[in-house]
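Report on the structure given below.
We did not get these values from a lab; they are worked out from the coordinates using the rules stated. Since we're looking at a predicted model, the values are computed, not measured. Cβ sites come from the backbone with ideal geometry, for glycine too, and all protein chains shown count toward neighbours.
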Amino acid sequence: MNHAFLILKRWMALLACAGILSFAGSRIEAADEAAKTPAAETAATTAATPAAGDAGHAAANVPGHGHGGEAKHVSFAEQFGYSYLTAYMFCLSLCMGSLFLVIVHHLFDAGWSASIRRVTEQLSSLLFPWMLVLLIPILVLQKQIYPWLSLDPAQDHSLAVKVVLFNPTAFNLFLIALVGSWGAIAHSFRRWSLAQDKDGKVEWTRKSRVLAAAGIFYFAFSLTLGCFYLMKSLQHQFFSTMYGVYYFAGSVWTTLATVYVLIMVLSRPGMPLEKVVFKRQQQDVGVLFFAFTVFYAYIHFSQYFLIWNAAMPEETFWYVRREYGSWKWVGFTILFGHFFIPFLLMLNQDIKRKLFLMFPMAAWAWLMHYVDMTFNVMPVLHPEGLHVSILDPLLWFGMTGFLAVMFWRNFNSAAPYPLRDPRFAEAVTHHEIPAAGGAASHH
Amino acid sequence: MSAKPTKTYGLLAEFDTAAAIMHAAIECRDAGFKKWDVYTPFPIHGMDDAMGVKKSLVGWFTFAGGFTGFFTGMGMIWFMNKFDYPLVVGGKPLFTPLYAFPVSYELTILMGSFGTLIGMFLLNRLPKLYNPLFKNERFKRATDDRFFVCIEAADPKFSQARETLEKAGAQVIETVED
Amino acid sequence: MAKSASDPQSHAGHSAPVGAALKVYPAPKELEREPLVLNNRSLGWITDAIAGICEKPMPKWWWPAFIISFGVMVMMFSMIAYEVSTGIGVWGLNQPANWAWDITNFVFWIGIGHAGTLISAVLFLLRQKWRTSINRSAEAMTLFAVACAGIFPVFHVGRVWFALLPGYLIPAPNANGIWPQFRSPLLWDVFAVSTYGTVSLLFWFTGLIPDLATLRDRATSKVRKFFYGLFALGWTGSNRNWSNYEKAYLILAGLSTPLVLSVHSIVSFDFAVSVVPGWHTTIFPPYFVAGAIFSGFGMVLTLLIPMRTLFKLEDVITVRHVELMCKVILATGSIVGYAYGMEFFIAWYGGSPYELYAFKNRAFGPYWWSYWSMITCNVISPHLFWFKWCRSTMWFVWLISIVVNIGMWFERFVIIVTSLHRDYLPGSWGYFTPSWVDILTFVGSFGLFMTLFLLFIRFLPAIAISEVKGVTPQADPHHPLGGAKDHH
């Protein structure tokens, strides 16, 4: 291994030189800029530091490395765009998480979730038209939001290599096509399920299974591309193979919290799901919520841990910026709030059926996922540290509130559960779960 | 070696279905027996409630083991790599929970598992290679396809045992000697 | 409702009564679920069928199979003796491919083991009752695979005693007072793999206790009674014991689940914390775990399909079981496919010329044949399982299961060798070819694996007796076959 080790050492030294060069470059540029009038340019656009030779590659990839902290003038349009994007990514999580739950229900031929599937069908159907409509402000403000759209690919190595996908035309067309196609898939599932309510034919289930089979692949790749476009490209130089899985894990986590609250509220006396939601569904959604708490932590830890260990500036700059100033505390909030608190709280089996703990837990999950989205989006606009604008809560509550109204309207326009789904009988006429903790109740 | 005078260990009743043993357990519980048990070839769901058995305490042993494991890992690595012989490797800090995490995590699970198993053995009083019940020929089917209730002679209400078991519909009732 | 067992229309409809207003349509006949134990076998039949295997003399094929496996195993130990006595140079690895078949075989075998833990722990937590027929043999497979895996990293150090000296692997200071340094993923690996082996053994043994008691109570010879009795620890099937036992089993499953995720994640750290193009990528941990489960299920099928036929266990390991395992292969194979795709995508997206070269070199360089073998076996072949015929035709499933194993071996080979053989300095590029010792050692590890597995089915119940009983209708006090008279 000596030989390989030597080469590694040389490469590390090269990288270190590149890092120093880039750092120096960025200081010079920052000084230049300070002399200029305050341009409405975001921090990341200062990235393109041309450097020569081999080091140029690394240097061009190290925007903002070591130069967080300079508060920039932020225009209203920028602040609005970023706050809006954060809220949009949050809502997209809920829709895509729901779509995932619908797909896996069909894919696994699940029984227990048949009685609550209408909830996720309706949630995911918000993708069309509403998530597509809500995408418009992002497309309008794209120049204000995405620094790479103002860059010349010829001047920026990391943009030049991916200019095939990262050009204004592809960006706009793909985003519309992605959200539109997700909506089409979600609506197909809902339409077939509603048709089955009427005639009870097995063919609707079969069709859904075929779509789920093809859909899971499309879902995986398209969601990755979608979150690359919408969120990761804010710092287009950053790359991580885990990023798609990372957004996915957080999304499903938040969705499960939402579904938990929805089915428990909707099954209260007099509510539409009263007779079809049992402890079994409650426990299972709770357990999945818990499982995704762990899964998210596993994914995020792995991403951070590998980047930390390898310590390559091409990657570390993303976390370096997120460890600057108060962003560090946001990171700790995610570590403890997104993982440790929910994990320790829900570790006990019986907790998943205690509403007085699970409801606050779900609300907390919403907050934490929002913090996670903020952690991804906002350091680009506010490298100096966490900056909460009034637009953040306004747009978050506005968007989720609007979607909640739309969800409620849709939910009431159709049967609240799949009346004649072939697995419905299994979901509602099954034993209570075999509670291994000894909590079985059968008297 | 003179034969010891035999002492009654308890009364053993045999049942043939899961439902029957469930019913018998409820009868025994309601009759207020204290030292008795149900023997089945597999765990029957709901039997703990039927017998009135409290929740298992094994989880606390797991917790103790896991807790010890995690801090053993962290402490060990801190001691070895930061305190006792600090050595800079790969430009990494001498100690941070980050790189110490994988090993501490594994030790959490390792000691947690040992804790669980030790807890289970302690609570179940195992291993226990001698048991008067093993002398009973019928009892061999407790690990095959028959279900048993045994009320021990040490139970204060032992005098009512036969009556209760008969009422519960036992197929065979035998006395087990110690 | 009492006649529901014989009435297929209300297959699932025999329990908890639902509100009168709720209209529930029974599942259509074509979508009915099959029972997990076919032909309504009794509890006694299950005991006889499974315990009988290790009580009766072994069938004719067992001895030749054992002798061949044993011979192959002896060959492996001779190869290792030759390697240790001569030096690591008898293996084909050299600059620049310092890791080659040794670590490939290590990751291959440790990955195989993961299916066992997944079946016994994860499927248990998910309440997948079908696991009961296969978990025992899958867990045994885990142990034997970990044993095979351990051989390669231990002996690839050449002077193997160094692995045991203080200051290297075991946490004790060396002669200069220096401790092992825990920033190295290789040391994490030592802890991960040894924890994995130990916990798997504990979990396996815990599951065996009630079945050992069954064998003890059926034993006719003194020797069998003594040994089974000793290891059954005096188990009686007392419900007060079952209560603690079930809790402990649940917790062990709960501990094994994060364990199995962590083990292959840590194995992936061996590569991913480095800065070698093709190795350093953030998706490695979940991708390795998925790949491990993928290959492990392949191996489970390779072993169980012949076993169910040879021991006439078709009523316990049913076609449904095989189909479900095929679906797991399909799912994990797809995740692996996603990871392959992401690696290539990010190599392009990231713009690092080294990374991009590493991947181009994988697909079109001198080792193109291994890359495309991997793609064919891992990405393409599992998708045949979308078709029911492919999932339910035993010889075909068996064939694909072997293809999957081959593919996963190639995956590790591709990751390790193609990333190393051309590094940053073209002057030091090379081409790795295995030596005959490499090949025979690897082939020999299958001998060790099969020897252990054959001994296992000879002496221990290959299917969890008490657990299979637990999922039959006879075990359900609310089911007519469990003795329920009427419904409450």
Starting from the Cα of C:Lys360, draw a straight line to each of the lysines and keep only those under 26 Å, dropping any in the same chain fewer than 8 residues away. A:Lys9, A:Lys162, A:Lys232
As an exercise, use a Förster radius of 35 Å and the Cβ-Cβ distance of C:Trp369 and C:Thr393 to find the FRET efficiency, rounded to the nearest 0.05. 0.75
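Less than 13 Å Cβ to Cβ from C:Ser268, Lys/Arg counted +1 and Asp/Glu -1: what total charge do the surrounding residues give? Before the final figure, lay out each step's value.
Details: positive: C:Arg412; negative: C:Asp189, C:Asp270, C:Glu343, C:Glu411.
Here the count lands on -3.
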I want to check the label-to-label distance for C:His383 and A:Ser150. Put each point 7 Å from Cα in the C-beta direction and report it in nm to one decimal. 4.3
The protein assembly as shown, helix-only ellipticity at 222 nm - DSSP H runs n ≥ 4, -39,500 (n - 2.57), divided by all residues, nearest 500: -20000 deg cm²/dmol
Qualifying lysines (Cα of each under 21 Å from Cα of A:Lys275; at least 8 residues distant if same chain): A:Lys198, A:Lys352, A:Lys354, C:Lys23
Crossing angle, helix C:319-350 versus chain C [Cα axis fit, 0-90 degrees, rounded to tens]: 30
Chain C - Debye-derived log10 I(q)/I(0), Cα point model, q = 0.09, 0.12 Å⁻¹: -0.69, -1.14
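Rounded to the nearest 5, what % of DSSP beta bridges with both residues in the protein assembly as shown are antiparallel? Don't jump to the answer; show the numbers that get you there.
Details: 17 of 18 bridges.
Just about 95 percent of them are antiparallel.
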Using alpha carbon centers only, segment B:56-132 is separated from segment C:83-116 by a whole-angstrom value of 30
Of the chymotrypsin sites (Phe, Trp or Tyr not before Pro) in segment C:382-431, those whose Cβ has at most 10 other Cβ within 10 Å and which sit in DSSP loop: none
Spin-label pair A:Val405/C:Arg127, simplified geometry with 7 Å Cα→Cβ offset, distance in nm: 3.9
Give the calculated FRET efficiency between C:Trp62 and A:Ser181 to the nearest 0.05, with a Förster radius of 60 Å applied to their Cβ-Cβ distance. 0.60
Please give the residues of segment A:139-161, grouped as numeric ranges, whose backbone N is less than 15 Å from a label point set 7 Å along the Cα-to-Cβ vector of A:Ser75. A:140-151
Using only Cα atoms and rounding to the nearest 10 degrees, what angle (0 to 90) does helix C:239-272 make with the longest principal axis of chain C? 20
Determine which lysines satisfy two conditions relative to B:Lys135: a Cα distance under 19 Å, and not lying fewer than 8 residues away in the same chain. B:Lys4, B:Lys7, C:Lys222, C:Lys225
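If we count every other residue with Cβ under 13 angstrom of A:Leu211's Cβ, Lys/Arg +1 and Asp/Glu -1, where does the sum land?
Details: positive: A:Arg190, A:Arg191, A:Arg206, A:Lys207, A:Arg209; negative: A:Glu121, A:Glu203.
Neighbour charge sum, excluding A:Leu211 itself: +3.
What FRET efficiency comes out for B:Ser159 versus B:Phe63 if R0 is 35 angstrom and r is the Cβ-Cβ distance? Round to the nearest 0.05.
Efficiency computed from Cβ-Cβ geometry: 0.25.
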Can you give the extra length, in nm with one decimal, that the chain gains between C:Tyr82 and C:Leu31 once fully stretched, where that is 0.36 nm per residue apart less the Cα-Cα distance? 12.5 nm
Relative to the longest principal Cα axis of chain C, at what angle does helix C:436-459 sit, 0 to 90 degrees, rounded to 10? 20
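If you add up the charges near C:Ile119, with Lys and Arg at +1 and Asp and Glu at -1, over every other residue whose beta carbon is less than 14 angstrom from its beta carbon, what do you get?
Numbers: positive: C:Arg127, C:Lys129, C:Arg131, C:Arg136, C:Lys327; negative: C:Glu139, C:Glu467.
After counting each charged neighbour, the total is +3.
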Are there any chymotrypsin sites (Phe, Trp or Tyr not before Pro) in segment B:95-178 that are in a DSSP loop and have at most 15 other Cβ atoms within 10 Å? List them by number. B:Tyr130
